[in-house]
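Colleague: First the structure, which I've put down as structure tokens, then a few questions once you've had a look.
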Amino acid sequence: PHWVSGPEAEVQRMAWAVAAVLGLLLLLGSPGGCGGSPGPPRDSLREELLLSPLPSGDIAATFQFRARWDSELHREGVSHYRLFPKALGQLISKYLVRELHLSLTQGFWRTRTWGQPYLQAPAGAELWVWFQDSVTDVDKAWKELSNILSGIFCASLNFIDSTNTVTPTASFKPLGLANVTDHHLLRYAVLPREIVCTENLTPWKKLLPCSSKAGLAVLLKAERLFHTSYHSQAVHIRPICRDASCLSVSWELRQTLTVVFDTFSIGQGKRDWSLFKMFSRTVTEACPLASESKIYVDISSKTQENELLEVTPPPLSVHEASVQGDRRTYAVYDLLSPLLFNVSRSLNVQLKWKRPQDSLDLSTPVLHAQRYVSGYGLQTGEISTLIYNTHPYRAFPVILLETVPWYLRLYVHTLVITTKGKENKPSYIHYQPAQDRRRPHLLEMLIQLPANSVTKITIQFERALLKWTEYTPDPNHGFYVSPSVLSALVPSVLAMKAEDAEKSPLFTSLFPSADGSSYFVRLYTEPLLVNLPTPDFSMPYNVICLTCTVVAVCYGSFYNLLTRTFHVEEPSRGGLAKRLANIIRKVRGVPPL
Amino acid sequence: MAAPLVLGILVAVTVRAVLYRSSLAGFISERVEVASPLNAWKRVVEGLALLDLGVSPYSGDVFHETPLIIYLFHFLIEYSELVFMITDVLTAVALYLAVQDFNKVVFKKQKLLIELDRYASDVAELIRTPMEMHYIPLKVALFYLLNPYTVMSCVAKSTCAINNTVIAFFILATIKGSTLLSAIFLSIATYQSLYPLTLFAPALLYLLQRQFIPVKLKSKDFWLYTTQYAALYLCSLVVIVCLSFFLLNSWDFIPSVYGFILSVPDLTPNIGLFWYFFAEMFEHFSLFFVCVFQINVFFYTIPLAVKLKEHPIFFLFIQLAIISIFKSYPTVGDVALYMAFLPLWSHLYRCKFFVFDSSHPHPHSPWGTLNSNTTDVYCVTYTLYISLLQILLISDYFYAFLRREYYLTHGLYLTRKDGTEAMLVLK
């Protein structure tokens, strides 16, 4: 109530002031902290959408969401996640994952009609993981990892087991930072039978920082995305250099989604596209958490004349890049720039062709491949792979990885590789034969493709009869053979300059480029559907009974012959039946028995 | 006698050479009756190709031959056709010499028993004469050489022919009375495919008979000789297995060869009983039935040894037949081997129960052409039918043999107490 005055009051006031000052200092000082611990790691998000009209009139839309987190997940006990999803971060630190690539795809990228893809994925589910070298039991970690991913993405990745996992030796080198590349730390599995649907898209969207509420992710509506010829969603996690000196490591998570809209089923035959026509949504704002949010439209002209393609609203800037050996021009819409939403609240990018074209310039991609099964009957068959190199004068090597399930027994002595009618010996072959019910065949070859040639690789196989419980419920559908993987450094026509990964668009920095004269391409062939001979599922008991009967016939005959001896038969009086029969015979006049 | 044999050999070699050059060779080597996962030529080539690639042939599940075959064909792969023709010829010659010697032994024994008055008085028809026995060795050799099953097996280059050669040499060594060679060849035969282990008993009985050692459990001589023979056999087996280890420096071949024979993981169709049974077997009982089926092969040895201890070569024949019918991956090559012995028992025709011409149905399999359950069932019933035919054939011969023995000691024309003709029954 009343202030105390005098010397005690003076001391009391001094004490309170000192306490207040100390408290303030402590408050201010704590973030600086004793011991000098740093603040929470920096993370950033970039999102981008690339629209590329394809030569056949379809349009491909590639979404990329890249979260980069400057943290060493393996060393510190991290518990504060912001832009990097917690589910994946915990996975990486628990299983000591160095790189993780998971893709779920429906459809097949037709390289010949659509051109070279930026990032192709095989039909079904594909998972490949590099583990750190401190992992003691890689197979156990792989099994647990695939099961957890199966739960996170609602996909049946738990069917990944030793019968479809392989350890490639030459393909699938790490895409991120790597100092040790012992291939025993790599595991690769494909499930060609896996189907992608909305329940896989929803958890994938949930990993995005803005989910599907703001930014480019608002366009990701399932009813439009699954009405496409090709739908591929992927998650790529890899470590990258934090800066140019590369003393410390950041983690990069890229979520990519590629869809191809068909001109006839969606476009109603017209080749004009717009965001609304494709996604039935328009973009209204960028994701507030993103540091960069852009839409790129490929407006490179394929013919001599100037742009046939008109893009509205007119782009604020144009970006030129050499991608996959071609010089391409992109119209850029930066969603974070305030000028973009001046005219209207929503952005609906429209692509119109100035005059109707009958056929666009179909530039055949330099490398494409095809695979098929030939043969007749259910005993044997032959897998043929055709690889085309359409480059006019450059030859380059390609690594072919084939994983064939154990029930198609490959005969490697029937492997024949011919180019232009002559035999082409691969310079490196790694073949790991299958073990029944334990692991699949693995065949990796390094083949030199001469310029402007077709290389045919054939190998014969024999179909095995499985036990009746090993067949799927629909055995006459057939069994899938996972797509084979072709990895090559394709020489490019133009020299490409190495650009800074942070400043260039995301779609150019997917694969690390070794030098400017070639670019890395990974292609997948079609999955194959092979029929196996089936037993009759309706008669297990019959078979068991019949076979046991035959064995019993032998046993019975031998038992008789071994335990009994010959005797002269003594006539017996006969039982009642015999006497009755004799009476009847006497009546008939026939001699008695 | 040598001239007709040489003529027969020439004819056989010509037939095989002609077939090798024709397009039938490829067709026949694809047939499942002729080539099983154990002895298909395609798999031998595959194993050698894997070895060239630097991968152990036993790391996969395609190659199930013993290292001896790898060693043999590593050098002889270019002359494979010649090798298989020579093995067939060697088998035929070995059987010829063996049966010639055996006939002498049979005749001597018969003479002894007649002099000892062991036979009944009216069995003159059943006594075998040197005249009728003169052509039996030639018949046996030709039966083997010109049997379509043998020809098919040779043209398909199935390594079953090599197994047959080893068994033929074993029979020759046993009949000649050489303990050491018999043990060595038996161990090679066992090493190649596990089942000739059961031929130990008939060989032992024959050698004991030849040494005039009676088979009595209390006799010291019997046990001495048995342990001698068993020791020779086991030692040679151990030596061969260890030599195989040093070929590829690993024990991988043991699970790949013997584990494969015993556990039957590969369900490729063949003329045996195992494959379809295990294709339709519930997982829970799989192990139990594998054990039952494998025991079934080895299980008849002791009872047959007890019953047929006076007739070890017939015992050998029955045992060979049982192996061919009930082994896990039989082929027509195995059937051809025991069928070669049938002329040896052609004197039993009077006592046969069924009149079997040992004419097996023409093999044809619809397996490779259609895909339907009915075709599958047809294939299976055909397999069961073949096995049943073989079983009936063997039990028929066995019955006839025992009946003849009874007639020899009790007389051919049996009368009952009241003088009417008697029936002979097995009680």
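Values quoted throughout were computed directly from the atomic coordinates according to the rules given, and no laboratory measurement underlies them. Treat the numbers as computed from the prediction; the structure is a model and nothing was measured. Counting neighbours? That spans all protein chains shown, and the Cβs are built from the backbone with ideal geometry, glycine included.
Colleague: With a ≥ b ≥ c the root eigenvalues of the C-alpha gyration tensor of region B:252-293, is it rounded (a/c under 1.5), prolate (a/b larger than b/c) or oblate?
Modeller: Details: a/c = 2.15, a/b = 1.38, b/c = 1.55.
The shape class here is oblate.
Colleague: Using the Cα centre as the reference, give the magnitude of the dipole from point charges on the C-beta atoms of region B:83-216 (Lys, Arg: +1; Asp, Glu: -1; all else neutral), rounded to the nearest 20 debye. All intermediate terms of the calculation are to be shown ahead of the outcome.
Modeller: Numbers: 11 positive and 7 negative charges, 58 e Å.
Using only the charged Cβ atoms, the result is roughly 280 debye.
Colleague: Another question about this same structure. Could you let me know the centre-to-centre spacing of region B:146-204 and region A:523-593, using Cα atoms, in angstrom?
Modeller: For region B:146-204 versus region A:523-593, the Cα centre distance is 33 Å.
Colleague: Connecting C-alpha atoms closer than 10 Å in a GNM of chain B, tell me which of B:PHE185, B:PHE200, B:PHE289 has the biggest fluctuation.
Modeller: Highest fluctuation of the listed residues: B:PHE289.
Colleague: Another question, then. Using θ = phi - 60° and the Karplus form 6.51 cos²θ - 1.76 cosθ + 1.60, what ³J(HN,Hα) does each residue of region B:283-297 get, whole Hz, x for Gly and Pro?
Modeller: Listing the rounded values in order: 4, 4, 9, 4, 4, 4, 6, 4, 4, 4, 5, 6, 4, 4, 6 Hz.
Colleague: If you don't mind, there's one more thing I want to ask. Please compute the average number of Cβ atoms from other chains found within 10 Å of each residue's Cβ in peptide B:277-286.
Modeller: Numbers: counts 8, 5, 12, 13, 7, 5, 4, 0, 1, 2.
Averaged over the peptide's residues, the number is 6.
Colleague: Using only the alpha carbons of chain A, determine the length spanned along each of the three principal axes and report them from longest to shortest in whole angstroms.
Modeller: Taking the Cα atoms of chain A, the three principal extents are 149, 86, 48 Å.
Colleague: Hey, which of these cross-link pairs are over 31 Å Cα-Cα: A:LYS143/A:LYS456; B:LYS139/B:LYS218; B:LYS108/B:LYS327; A:LYS173/A:LYS205; A:LYS221/A:LYS503; A:LYS294/A:LYS456?
Modeller: Numbers: A:LYS143/A:LYS456 36 Å; B:LYS139/B:LYS218 41 Å; B:LYS108/B:LYS327 36 Å; A:LYS173/A:LYS205 28 Å; A:LYS221/A:LYS503 29 Å; A:LYS294/A:LYS456 43 Å.
Pairs exceeding the cut-off: A:LYS143/A:LYS456; B:LYS139/B:LYS218; B:LYS108/B:LYS327; A:LYS294/A:LYS456.
Colleague: Next question. Classify chain B as rounded, prolate or oblate, taking a ≥ b ≥ c as the square roots of the eigenvalues of its Cα gyration tensor: rounded when a/c is under 1.5, otherwise prolate if a/b is larger than b/c and oblate if not. Provide the component values of the computation, followed by the final result.
Modeller: Details: a/c = 1.61, a/b = 1.47, b/c = 1.09.
Here chain B falls in the prolate category.
Colleague: Here is a follow-up. To test your reading of the geometry: what angle, between 0 and 90 degrees and rounded to tens, separates the Cα axis of helix A:540-563 from the longest principal axis of chain A?
Modeller: 40 degrees
Colleague: Which value at 222 nm does chain B reach when only helices count, each DSSP H run of 4 or more adding -39,500 (n - 2.57), with the total divided by all residues and rounded to the nearest 500 deg cm²/dmol?
Modeller: Dividing the helical sum by the residues of chain B leaves -20500 deg cm²/dmol.
Colleague: Compute the relative contact order of chain B as a whole-number percentage, counting only Cα pairs closer than 8 Å that sit 6 or more residues apart in sequence. Each step should come with its number before you reach the end.
Modeller: Numbers: 487 pairs, mean separation 90.8, N = 427.
Reported as a whole number, the value is 21 percent.
Colleague: Other chains near A:552-559: what is the mean number of their Cβ atoms within 10 Å of each residue's Cβ?
Modeller: Numbers: counts 0, 5, 12, 4, 2, 7, 11, 2.
Per-residue shielding by partner chains comes out at 5.
Colleague: Also, quick follow-up: Relative contact order, percent, of region B:124-198 when contacts are C-alpha pairs under 8 Å separated by at least 6 residues?
Modeller: Details: 35 pairs, mean separation 13.4, N = 75.
Result for region B:124-198 is 18 percent.
Colleague: Is region B:142-265 best put as rounded, prolate or oblate by its Cα gyration tensor, with a ≥ b ≥ c the root eigenvalues, rounded for a/c under 1.5, and otherwise prolate when a/b is larger than b/c, oblate when not?
Modeller: oblate
Colleague: So what's the gap between the Cα centers of region A:268-341 and region B:269-310, to the nearest angstrom?
Modeller: If you average the Cα positions of each part, the centres end up 73 Å apart.
Colleague: How many nm is it between the label spots at A:HIS80 and B:GLU78, if each spot is 7 Å from the Cα in line with the beta carbon?
Modeller: About 7.7 nm, to one decimal.
Colleague: Residues of region A:259-290 with the amide nitrogen closer than 19 Å to a label point 7 Å from the Cα of A:GLU310, along Cα-to-Cβ, please.
Modeller: Backbone N within reach: A:270-277.
Colleague: What ranking do B:382-394, A:269-281 get when scored by the average of other Cβ atoms within 10 Å per residue, highest first? Numbers along the way, then the final one.
Modeller: Working: B:382-394: 19.6, A:269-281: 16.9.
Packing order, densest peptide first, comes out as B:382-394, A:269-281.
Colleague: Compute the length gained on full extension between B:LEU243 and B:THR226: take 0.36 nm times their separation in residues and subtract their Cα-Cα distance, giving the result in nm to one decimal. Let's see the in-between values first.
Modeller: On the way: separation 17, 0.36 × 17 = 6.12 nm, distance 2.57 nm.
Once the chain is fully extended between B:LEU243 and B:THR226, it gains 3.5 nm.
Colleague: How long is the gain from A:VAL587 to A:ALA552 if the chain were fully straight, where each residue apart is worth 0.36 nm and the alpha carbon distance is subtracted? Intermediate values should be presented prior to the final figure.
Modeller: Values: separation 35, 0.36 × 35 = 12.60 nm, distance 4.33 nm.
Extending this stretch completely gives an extra 8.3 nm.
Colleague: Given N residues in region B:94-189, what is Rg(Cα) / (2.2 N^0.38 Å)? It would help to have the intermediate numbers written out before the result.
Modeller: Working: Rg = 16.9 Å, N = 96, 2.2 N^0.38 = 12.5 Å.
Normalised by 2.2 N^0.38 Å, the Cα Rg of region B:94-189 equals 1.36.
Colleague: For chain B, set up a GNM with springs between Cα atoms under 10 Å and report which of B:TYR79, B:TYR276, B:TYR58 has the largest fluctuation.
Modeller: B:TYR79
Colleague: Please give, to one decimal in nm, the separation of the simple spin-label points placed at B:ALA3 and A:GLU223, each 7 Å out from Cα toward the Cβ.
Modeller: With each label placed 7 Å out from Cα toward Cβ, I get 9.9 nm.
Colleague: Going by amide H atoms built from the backbone, whose H comes under 5 Å of the H on B:GLU33, apart from near neighbours?
Modeller: Close amide H contacts, sequence-distant or interchain: none at all.
Colleague: On to the next question. Residue by residue through region B:331-348, what is 3J(HN,Hα) from phi via Karplus (6.51 cos²θ - 1.76 cosθ + 1.60, θ = phi - 60°)? Round to whole Hz and write x for glycine and proline.
Modeller: Coupling constants for region B:331-348: 9, 5, x, 5, 5, 4, 5, 6, 5, 5, 7, 4, x, 5, 10, 6, 6, 8 Hz.
Colleague: Could you list A:ARG409, A:ARG224, A:ARG13 so that the one with the fewest beta carbons within 10 Å of its beta carbon is first and the one with the most is last?
Modeller: On the way: A:ARG409 25, A:ARG224 17, A:ARG13 12.
Listed from fewest to most nearby Cβ atoms, that is A:ARG13, A:ARG224, A:ARG409.
Colleague: Test of the criteria: in region A:73-178, which GluC sites (Glu not before Pro) are in a DSSP loop and have at most 15 other Cβ atoms within 10 angstrom of their Cβ?
Modeller: On the way: sites: A:GLU76, A:GLU99, A:GLU126, A:GLU144; in loops: A:GLU76.
Passing both the DSSP loop test and the Cβ count: A:GLU76.
Colleague: If amide H atoms are built 1.01 Å from N in the plane of the peptide, which residues on other chains or at least 5 residues away come under 5 Å of the amide H of A:ALA170?
Modeller: none
Colleague: When the Cα centres of region A:199-231 and region A:418-441 are compared, how far apart do they sit, in Å?
Modeller: Distance between centres, Cα-based: 40 Å.
Colleague: Rounded to the nearest 500, what is chain A's calculated 222 nm mean residue ellipticity when only DSSP H runs of at least 4 contribute -39500 (n - 2.57) each, over all residues? Present the calculation step by step, with values, prior to reporting the outcome.
Modeller: On the way: 9 runs with 111 residues, N = 593.
After summing the helix terms and dividing by the residues of chain A, the value is -6000 deg cm²/dmol.
Colleague: What percent do you get for the relative contact order of chain A when only Cα pairs under 8 Å and 6+ apart count? Present the calculation step by step, with values, prior to reporting the outcome.
Modeller: Details: 1128 pairs, mean separation 80.7, N = 593.
Worked out over chain A, it gives 14 percent.
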